[in-house]
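A.B. asks: Below is the structure I would like to discuss, written out as structure tokens.
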Amino acid sequence: MALTGKALQKKADQLRHEVIDVAVRNKAGHIAPSLSCVDILAALYYNVMRYHPNDPRWDKRDRLIFSKAHGCYALYAILSDKGILPARDWKDFYSSASSLLGCLDYRLDYGFEAGCGSLGHGLPIAVGQAFAARLQKKSFHTFCVIGDGEMQEGTTWEALQFAVKHEVNNLTIIIDDNRLQAMDFIINVLDRDARDKIKKLKGFGLAPVVCYGHDASKLARLIKPAGKSSLKIPRVIIAETVKGFGLKCMENIPKFHFRTPTPEELKLGRSYACRL
């Protein structure tokens, strides 16, 4: 049964709480890039996507290619909550007792559709998968979550050109737009201004939609029509997020790309606590 409204947002915030607790307890890095995409993934798995938790190989399932694979902690938390991957593997993540990696690998029985540790690979995989599904007249929809820093990869733009040229409209691309890449702000590295990526996407023949990325319910309503789209191109949603969202000490601060917070920093609290 799909979650909606406040129930969906409550689930997203519970997952965020769990991600922080597991990662901090086990001293796992990459907390910040994981926190920016919690609401996106919650919207997909608890409202939008069609899949069977007890059968991760179901042929008609919707596919998620999670391209920003270093920020996979929220995905681990969700798949554990759904019973797809063993809870103990997630609870013991980043220890010798867990088989989970710091970057997502390909393990279909755990619900991992692709290994994307090297950035720029996820979108080409998603485009190929969606294109093949259309050729084979299969009804599943493919979703791809990419990072905004990852949009500097040439493979991303090659994949977009192919998708537009071949009218791959059974694909939805969601950009986790937290405006940070690794240890710096994107605008200091490549983008000329805040609207640069929008101009580029439009130049490639796409019609990106911009939305707030920390409201799971609104995200679900925006994403859901994608499976019935009359467009002849992939849908592109730019979800404006905050890297490290949820931890006041970590939000929008480049040095926390991989760094774990100290006990003193954690005392600053959690910015979403009022919603739990």
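A.B. asks: Pairs needed: first member in the stretch 82-95, closer than 19 Å to A42 by Cα; second member anywhere, modelled with pLDDT of 95 or more and of a type in the set (G, A, S); C-beta distance under 6 Å; at least 6 residues apart or different chains.
C.D. replies: I84/G111; A87/S80; W90/S80
A.B. asks: Suppose we filter C37, C103, C72 for residues that are within 23 Å of K255 (Cα to Cα), surrounded by fewer than 19 Cβ atoms within 10 Å (Cβ to Cβ) and under 16 Å from the mean Cα position of the chain (by Cα); which single one remains?
C.D. replies: C103
A.B. asks: If you don't mind, there's one more thing I want to ask. Would the stretch 19-41 turn up any residue that is at pLDDT 95 or above and more than 18 Å from G244 (Cα to Cα)?
C.D. replies: There is no residue in the stretch 19-41 that is at pLDDT 95 or above and more than 18 Å from G244 (Cα to Cα).
A.B. asks: Somewhere in the stretch 187-194, is a residue assigned to a loop (DSSP other than H, G, I, E, B) and either basic (K, R) or crowded, with 22+ Cβ neighbours inside 10 Å (or both)?
C.D. replies: Yes - at least one qualifying residue is present in the stretch 187-194.
A.B. asks: For the stretch 56-69, name all the residues that are buried (at least 24 other Cβ atoms within 10 Å of the Cβ) and either acidic (D, E) or free of Cβ contacts under 8 Å to residues at least 60 places away in the same chain (or both).
C.D. replies: Hit for the stretch 56-69 is A69, nothing else.
A.B. asks: Just the residues that are within 18 Å of the chain's Cα centre (by Cα) and in contact (Cβ under 8 Å) with a residue 40 or more places away in the chain, please, taken from the stretch 171-196.
C.D. replies: L171, T172, I173, I174, I175, D176, D177, N178, R179, L180, A182
Here's the yes/no breakdown for (1) in contact with a helix residue (DSSP H, G or I) (Cβ under 6 Å, 6 or more places away or on another chain); (2) more than 29 Å from K197 (Cβ to Cβ); (3) at pLDDT below 95:
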{"site": "K82", "(1), (2), (3)": "no, yes, no"}
{"site": "R88", "(1), (2), (3)": "no, yes, no"}
{"site": "G102", "(1), (2), (3)": "no, no, yes"}
{"site": "L108", "(1), (2), (3)": "no, yes, no"}
{"site": "Q129", "(1), (2), (3)": "no, no, no"}
{"site": "T156", "(1), (2), (3)": "yes, no, no"}
{"site": "Q161", "(1), (2), (3)": "no, no, no"}
{"site": "V168", "(1), (2), (3)": "yes, no, no"}
{"site": "Q181", "(1), (2), (3)": "yes, no, yes"}
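A.B. asks: Still on this structure: Quickly run through the stretch 235-255 and pick out the residues that are crowded, with 21+ Cβ neighbours inside 10 Å and touching an Asp or Glu at 6+ places or on another chain (Cβ under 9 Å).
C.D. replies: Within the stretch 235-255, A239, T241, K243, G244, F245, G246, L247, M250 qualify.
A.B. asks: Of everything in the stretch 113-155, what is in a loop (DSSP other than H, G, I, E, B), among the small types (G, A, S) and touching a strand residue (DSSP E or B) at 6+ places or on another chain (Cβ under 7 Å)? Give them in sequence order.
C.D. replies: A114
A.B. asks: If you don't mind, another one. Could you please give the count of residues in the stretch 226-272 that are of a type in the set (A, V, I, L, M) and either farther than 30 Å from N169 by Cα or free of Cβ contacts under 8 Å to residues at least 40 places away in the same chain (or both)?
C.D. replies: Total satisfying the criteria: 5.
The values are calculated or read from the model by the stated rules, or taken from the named source; none is laboratory data. Model, not experiment: these values are computed from the prediction. Glycine also receives a Cβ, built like all others from the backbone with ideal geometry; neighbour counts cover every protein chain displayed.
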